[in-house]
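Data first, discussion second: the structure below is written as structure tokens.
The values are calculated or read from the model by the stated rules, or taken from the named source; none is laboratory data. Keep in mind it's a predicted model, so treat the numbers as computed, not measured. As a convention, Cβ positions derive from the backbone with ideal geometry for all residues, glycine included, and neighbour counts pool all protein chains shown. In case anyone asks, the SASA skips ligands and DNA or RNA and just uses the protein heavy atoms, side chains included. Shrake-Rupley method; radii C 1.70, N 1.55, O 1.52, S 1.80 Å.
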Amino acid sequence: MPFFIFAPYIGTEYLRTMALDDLALMTLALGAAERGTRSVRPNPRVGCVFELQDGTLIEGHHAICGGAHAERAALEKIHKSNLNPKGARVAVTLEPCSHKGKTPPCVDALIEAGVKEVLVPFLDPNPLVSGRGIARLEAAGISVKQGVAASKCFALNREWLWSKKLGRPFVTLKIATSKNAIAVADDRRWITSPAARQHAMSLRARVDLLLSSGETVRVDDPALTVRDELGNVAVDQPQVWIFSQKQDLGSSKKILSHPQWKWHHSVDLRASLESMTSQGFFDVMLECGPTLSKAFLDSSLVDELWHYQSDDELSGMSFDMKELSNFELVERVRIDEKNNLYKYTHKKRNEENFFKN
């Protein structure tokens, strides 16, 4: 007999005659997870959907670091609505945690709720969780199904997932070149167009931390802020670390207006990245000149590369694409009539290798 379900994440009632399949249920959980914003950092974005025995769907998502995880957020809604979670099917975009951090373990809440089945995409690479959450659920007699929408769930938190696996932040290098040069000799004009530079703001806005060099700051006087098309500075800004052995800004002044910047003096790049991880950074971007860029590339510490290229031919330091032999082109975006973006991923940092290692 047909019955109604209530989906609070969109506030609409639907007529349904059968239970959702695994992929459909996880897709709803992904939609819930996407509601998470930068306020969840350094945690990943996670969504959860309960399909109750009467057909009701209740979602939850991790909204803020230190707040309720997705599973507990959904259970709070269930209890407030005087509904019964016993016997529910649950889809979660990441393996439920089994350790106590800022909040109690989510597996405890699921076990106490008496759910019958939990769908997960893959094991959490966090060594505090990996496999333990699933083991706890199965030991309590709860059926666990792995591999549901794994690719989509991986894409949602790719940088965070790799950071946990690598023990350091996921590193993206952004470069801008003309058709034949990465640095223009004795010429401070912009290499790429305003549209390309504004497009790059989306990358700045994504990351936790921007890394630059003292030389870049002294020569280019960059603001290193996230701004809109009108030049308005966003309220939420990634931090900025400037790699330099001397605290000399030269004549540069724009960086002084950045709300969160500091000097960084270490020459050990890997140790520097590990230090960033301990401070809660998992997604960082290099926005610097060729010297520091090459140092990170030579150390195999670049996981993704965004190459903005104009069609102009300018004199200056050449850019040899052979240096990117360890990278594969994954996407080309035409920004405007004279500018392209080429996205490269390190061959060892693709989805296949994440699940293989």
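Among the residues of the range 207-215, is any closer than 20 Å to residue 294 by Cα, in a helix (DSSP H, G or I) and in contact with a Ser or Thr (Cβ under 6 Å, 6 or more places away or on another chain)?
Yes, that holds for at least one residue.
Considering only residues that are assigned to a loop (DSSP other than H, G, I, E, B) and among the aromatic types (Phe, Trp, Tyr), which ones fall in the range 272-314?
281, 282
If you check residue 105 against the conditions, is it open to solvent by less than 20 Å² (accessible area, probe 1.4 Å), farther than 21 Å from residue 163 by Cα and in contact with a Ser or Thr (Cβ under 6 Å, 6 or more places away or on another chain)?
Against the criterion (open to solvent by less than 20 Å² (accessible area, probe 1.4 Å), farther than 21 Å from residue 163 by Cα and in contact with a Ser or Thr (Cβ under 6 Å, 6 or more places away or on another chain)), residue 105 qualifies.
Might you check whether a residue that is at pLDDT 85 or above and open to solvent by 30 Å² or more (accessible area, probe 1.4 Å) occurs anywhere in the range 51-58?
Yes, because at least one residue in the range 51-58 is at pLDDT 85 or above and open to solvent by 30 Å² or more (accessible area, probe 1.4 Å).
Just to be sure I understand the filter: pairs with C-beta atoms under 9 Å, separated by 6 or more residues or on different chains, first member in the range 67-88 and open to solvent by 30 Å² or more (accessible area, probe 1.4 Å), second member of a type in the set (Lys, Arg). Which pairs pass?
83/77; 86/116
Name the residues in the range 234-266 that are touching a residue at least 24 places away in the same chain (Cβ under 8 Å), under 28 Å from residue 40 (Cβ atoms) and open to solvent by 90 Å² or more (accessible area, probe 1.4 Å), would you?
257
If you go through the range 120-148 one residue at a time, how many are part of a helix (DSSP H, G or I) and either under 22 Å from residue 166 (Cβ atoms) or touching a Lys or Arg at 6+ places or on another chain (Cβ under 9 Å) (or both)?
2
Let's see how each residue does on (1) buried (at least 16 other Cβ atoms within 10 Å of the Cβ); (2) in contact (Cβ under 8 Å) with a residue 60 or more places away in the chain:
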{"residue": "200", "(1), (2)": "yes, yes"}
{"residue": "218", "(1), (2)": "yes, no"}
{"residue": "232", "(1), (2)": "no, no"}
{"residue": "274", "(1), (2)": "no, yes"}
{"residue": "290", "(1), (2)": "yes, yes"}
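Of all residues in the range 101-137, which are out of contact with any strand residue (DSSP E or B) (no Cβ under 8 Å at 6 or more places or on another chain) and of a type in the set (Lys, Arg)?
102, 132, 136
For the list (1) in contact with a Gly (Cβ under 7 Å, 6 or more places away or on another chain); (2) at pLDDT below 95, I need the number of the one condition that residue 30 fails.
Looking at each condition in turn, residue 30 falls short on (2).
Evaluate the range 94-117: report whether one residue or more is assigned to a strand (DSSP E or B) and either farther than 20 Å from residue 59 by Cβ or of a type outside the set (S, T, N, Q) (or both).
Checking the range 94-117: at least one residue is assigned to a strand (DSSP E or B) and either farther than 20 Å from residue 59 by Cβ or of a type outside the set (S, T, N, Q) (or both).
So in the range 108-130, with the set limited to residues that are under 22 Å from the mean Cα position of the chain (by Cα) and exposed (fewer than 14 other Cβ atoms within 10 Å of the Cβ), which one is nearest to residue 64 (Cα to Cα)?
Checking each candidate, the answer is 128.
Considering (1) without any contact (Cβ under 8 Å) to a residue 60 or more places away in the chain; (2) under 15 Å from residue 306 (Cα atoms); (3) of a type in the set (D, E, K, R), say which one residue 174 fails and leave the rest.
With (1) without any contact (Cβ under 8 Å) to a residue 60 or more places away in the chain; (2) under 15 Å from residue 306 (Cα atoms); (3) of a type in the set (D, E, K, R) applied to residue 174, the lone miss is (1).
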